[in-house]
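The values are calculated or read from the model by the stated rules, or taken from the named source; none is laboratory data. Predicted, not measured: the structure shown is a model, and the values here were computed from it. FYI the Cβ positions are ideal-geometry reconstructions off the backbone, even for glycines, and counts take in every protein chain you see.
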Amino acid sequence: MSSGSSGGSSGGVEVLDLTAPLSSATPVLPLPDHMAPIPRFELEELARYDHRGETSFQNGIHTGEHVGTHLDAPCHWITGAEHGDVSQIPPSRLVAPAVVIDRTAEVAADPDYLLDVSDLQEWEREHGPLPAGWLLYRTGWSAHSGDQASFLNADDEGPHTPGVTPECAQWLSEETPIIGLGVETVGTDAGQAFRFDPEFPVHSHLLGAGKYGLTQLQQLDRLPTAGSVLIVAPLPIVGGSGSPARVLALVPSREKGVL
Ligand code: MN
């Protein structure tokens with residue numbers, strides 16, 4: 001990645017960009033046959049300093065809402081239909097503390113690794129209660145994000161990417177104050193979650209509880225376990241079920257150690 005997106009520092013705070021570049025090459029989650037496919041991101045050139053506009057350059061964009069680094073609004077799932085669309089998310093919920101649970105080693109050994117309640121209870125014993133903020137699930141999977149086949153890691157049985165057990169999805173939704181789950185993978189649910197009960201349990205439980213999903217994050221390895229603040233900026237699409245989002249992290253700089 002370019003150094004420009006890896007951030008800079010100002011006044012004791014480092015700004016990290018956790019967003020994947022958005023292009024027609026951005027991997028898209030393949031859905032089961034009974035669900036409508038997600039449109040890829042595409043640019044349509046409308047003018048480029050030519051007869052269509054001699055001094056201007058502009059594109060149209062065509063994209064699914066659930067493409068690249070994006071936010072799932074509660075109404076993305078039927079369980080959260082009453083909780084509103086992406087334009088209705090209060091701004092105060094888009095800036096929130098973030099904590100990180102690291103399962104990079106486990107996922108390297110098993111791409112179908114699932115986070116369970118006991119993992120988070122162990123995390124809480126070491127670091128304190130989960131905050132009213134983002135839980136970021138670090139898996140190392142963003143290393144695959146430049147290559148669709150490797151990122152989706154699918155075979156005859158479907159995609160094999162890490163996720164969360166149904167029990168853990170329910171526990172995070174009902175027993176913790178987190179406002180959302182952020183992941184490095186193409187969706188918040190495991191690759192095999194179409195087989196789970198309920199199907200896609202993170203979507204079903206978290207969005208049903210009025211919480212949010214955040215996908216395809218990068219640079220989680222540069223965040224502290226606790227102490228950073230996330231700025232999540234989806235487009236306020238009226239009636240939208242989600243939106244590509246710019247996700248920035250404010251991290252206390254090593255030199256000064258304060259936000
Ligand atoms: Mn989504």
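For region 185-233, a residue qualifies if it is polar (S, T, N, Q), within 13 Å of the ligand (Cβ to nearest atom) and in contact with a strand residue (DSSP E or B) (Cβ under 6 Å, 6 or more places away or on another chain), and the qualifying residues are Thr188, Thr215. Among the residues of region 211-228, is any under 18 Å from Val107 (Cβ atoms), modelled with pLDDT of 95 or more, hydrophobic (A, V, I, L, M, F, W, C) and in a loop (DSSP other than H, G, I, E, B)? Checked region 211-228: at least one residue is under 18 Å from Val107 (Cβ atoms), modelled with pLDDT of 95 or more, hydrophobic (A, V, I, L, M, F, W, C) and in a loop (DSSP other than H, G, I, E, B). Out of curiosity, is Gly80 within 15 Å of the ligand (Cβ to nearest atom), out of contact with any Ser or Thr (no Cβ under 7 Å at 6 or more places or on another chain) and not in a loop (DSSP other than H, G, I, E, B)? Considered against the rule, which asks whether it is within 15 Å of the ligand (Cβ to nearest atom), out of contact with any Ser or Thr (no Cβ under 7 Å at 6 or more places or on another chain) and not in a loop (DSSP other than H, G, I, E, B), Gly80 comes out as yes.
Would you check if there is a residue in region 119-132 being closer than 20 Å to Thr215 by Cα, in contact with a Cys (Cβ under 8 Å, 6 or more places away or on another chain) and at pLDDT 95 or above? Yes, there is a match, as at least one residue in region 119-132 is closer than 20 Å to Thr215 by Cα, in contact with a Cys (Cβ under 8 Å, 6 or more places away or on another chain) and at pLDDT 95 or above.
Does Ser173 count as farther than 15 Å from Ala226 by Cβ, out of contact with any Asp or Glu (no Cβ under 6 Å at 6 or more places or on another chain), among the small types (Gly, Ala, Ser) and touching a residue at least 24 places away in the same chain (Cβ under 8 Å)? Here the answer is yes, as Ser173 does meet what is asked.
When you go through Ala169, Ala149, Ala143 one by one, which is the residue that is more than 14 Å from the ligand (Cβ to nearest atom) and at pLDDT below 95? Step through it out loud before you land on a result.
Working: Ala169 fails: at pLDDT below 95; Ala143 fails: at pLDDT below 95.
Only one candidate qualifies: Ala149.
Given the criteria in contact with a strand residue (DSSP E or B) (Cβ under 6 Å, 6 or more places away or on another chain) and more than 15 Å from the ligand (Cβ to nearest atom), does Arg48 qualify? Show your work before the answer.
On the way: in contact with a strand residue (DSSP E or B) (Cβ under 6 Å, 6 or more places away or on another chain): yes; more than 15 Å from the ligand (Cβ to nearest atom): yes.
Against the criterion (in contact with a strand residue (DSSP E or B) (Cβ under 6 Å, 6 or more places away or on another chain) and more than 15 Å from the ligand (Cβ to nearest atom)), Arg48 qualifies.
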